[in-house]
Amino acid sequence: MARRSHAIKAALHGDLPLGHESSELGSPPSVTWANASRARFRAPRSPWLVQEENQEISHPERTGAARSLLPWPSGACPASVAFSASARGRLFPDWPQIAAQTAAALRAEADPRDPRTARLVAELEADDDFRDLWARHDARPSRDELKRFAHPVVGELALRRQALTVAGAGQQVIIVYEAVPGSPSAAALTRLA
């Protein structure tokens, strides 16, 4: 876990010199050039988190915009957050679409043989909306899509969700929410940073 943590932190903060394998720097996993360079330019003002293979968040960013926009604790699951009372209409103005995509992505991406997935689905099935969406059997992986967030201080934000994979980090994915440069959402993220 510590090895994967190092690779992810290096990718996000640009600590690996481009063109070097991390083994030259004393840490086994390598960060691909494309992901390191993409994350290096975007992460300073863009909220980000790391999602594990079991859908749990393992490294939530705790600074600037991420702290107030994505207040998810380590170990939380985006599906649980999406179906929480605070998400319905307050965090996500487009909650019905977010809920449908979340249920479909959980079905497509989570390992049904994993006991943690079974526990998560059982917990979420207590929610009528989730139960109805889960019964549809839609399976769609999450894509790099536009999501709207409602922030109590800066108002509505339209952010593109981008998933960055880190070589050597198993099934971990860095999820970055990025605003279009020069947009009102970019200005809002700057105010939050």
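Residues whose amide H comes within less than 5 Å of that of A76, counting only those at least five positions distant or on another chain, are I57 (H built at 1.01 Å from N in the peptide plane). Between A105, V166, W95, the Cα set farthest toward the positive side of the dipole of the stretch 92-178 (charges on each charged residue's Cβ, about the Cα centre) is that of V166.
Shape analysis of the stretch 64-193 yields a ratio of the Cα radius of gyration to the Kirkwood radius, Rg/Rh, of 0.97.
Coupling constants for the stretch 158-164 follow from the phi torsions by the Karplus curve (6.51 cos²θ - 1.76 cosθ + 1.60, θ = phi - 60°), and in residue order they are 10, 10, 8, 7, 10, 9, 10 Hz; glycine and proline get x. Computed from backbone phi with θ = phi - 60° and the Karplus coefficients 6.51, -1.76 and 1.60, the 3J(HN,Hα) list for the stretch 118-133 is 4, 5, 4, 4, 4, 5, 5, 5, 5, 8, 4, 5, 4, 4, 5, 5 Hz; x is used for glycine and proline.
Amide hydrogen proximity for H151: with H placed 1.01 Å from N in the peptide plane, the residues at 5 or more positions away or on another chain lying under 5 Å are E156, L157.
Computed from the coordinates by the stated procedures, all read-outs in this text should not be read as laboratory data. All of these numbers come straight from a predicted model, not from anything done at the bench. Backbone-built Cβ (ideal geometry, glycine too); neighbour counts: all protein chains shown.
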